[in-house]
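I have placed the structure first, in the form of structure tokens, so that the comments after it can refer back to it.
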Amino acid sequence: MKTTIAMLAVALVCAGCETTGLKIPDIGTNLSALATAGSSLGDRNGKQDVVDLVMKSGQNLKDATSDITEEQEIVLGQGFASNLLGAAPLLQNRNVQRYVNQVGRWLALQTERPDLPWQFAVLDDAGTNAFAAPGGYIFITRGMLARMKNEAELAGVLAHEIAHVLKKHHLQAIKKGAGMSLLTDIGSHVVASKTGVNSSLANNLAGAFKEVYARGLDKGDEFEADRMGVVIAARAGYDPYGLPAVLQMMQAFSAQDSGFALMFKTHPPLADRLVLFENQMTTSFERFEQQPTLALRFKKSSGKVSGK
């Protein structure tokens, strides 16, 4: 596990040099306002801020994984990431990896967990999908990136995955399937020993990972990540309609298409997700429609992947 994660860190080492997030001079005079966009997302006619409605939803509910420390969460996430990298290698394109990391880290800075060791990577896989792992590991496939038209779409998809990490959706899914004891046993063992997971725990963990990714998360988790994703993207200064645009793009394809089969299998129907966006964004996001999509920068930075 440690070797695989070390390979990921080496592959993304250049991206790691820019820890202050995406340097976005292309956005121009809006930059200073965009960095604090969260404070301007709200309150018209006394209505509650949309950020409060989304980012603080469920704050009064007990966190189902509150007894897992952040260090344990990161260790468990390394196991998730290792399994994903075992299924598909990293795309061997340093410039594209750096670019996706810059976009992702800029988004992560707009959240309540900016200090997680966030890492973003492109998998060399022709399928159309994106994945998150606890502790801040986010993956997007080459096939997904190739079908996008601009940076706002990339930001929307990454923000959706970031939301899964913020809300610990995968840890909650494992708790439901395998029980909390598996999470705490593995996390405590690795943190204490610093030597990795013993074979018995590793097998149990691998099985839990496979089950979560094969089955997918609860529909409610996906809807929550959609709601939070567009807020994070808007907060970061992007046109918030990037994620809905990606979903609309995918509507043109069949669930029988091999490149989309897993996405359709593990996520709620696209029509349902788009209805959610229509209900959420009709009035709350009007003022952010003029935020940039950065199509030219996306084309320049991802052209070799997208074929543009």
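Within the set K219/K299; K176/K210; K176/K219; K149/K175, which residue pairs have Cα atoms separated by over 26 Å?
Values: K219/K299 33 Å; K176/K210 14 Å; K176/K219 14 Å; K149/K175 37 Å.
Exceeds cut-off: K219/K299; K149/K175.
Sorting check: for 229-235, 139-145, 115-121, 286-292, which peptide has the highest mean count of neighbouring beta carbons within 10 Å, and how do the rest follow?
On the way: 229-235: 28.6, 139-145: 23.1, 115-121: 20.0, 286-292: 15.1.
Taking the mean over residues of other Cβ atoms within 10 Å, the ranking is 229-235, 139-145, 115-121, 286-292.
Which of the peptides 78-89, 95-106 is most tightly packed, and how do the rest follow, judged by the mean count of other Cβ atoms within 10 Å per residue? Display every interim value, and only then the final one.
Numbers: 78-89: 19.7, 95-106: 22.5.
Going by the mean number of other Cβ atoms within 10 Å, highest first, we get 95-106, 78-89.
Fully extended, how many nm does the chain gain between D115 and K210 (0.36 nm per residue separation, minus their Cα-Cα distance)? Kindly include the intermediate steps, with their values, before the conclusion.
Values: separation 95, 0.36 × 95 = 34.20 nm, distance 2.77 nm.
The D115-K210 span can extend by a further 31.4 nm.
No value in this document is a laboratory result; all are computed from the given coordinates. In this text, all values refer to a predicted model and were calculated from it rather than measured experimentally. Here the Cβ is made from the backbone with ideal geometry for all residues, glycine too, and neighbour counts use every protein chain on show.
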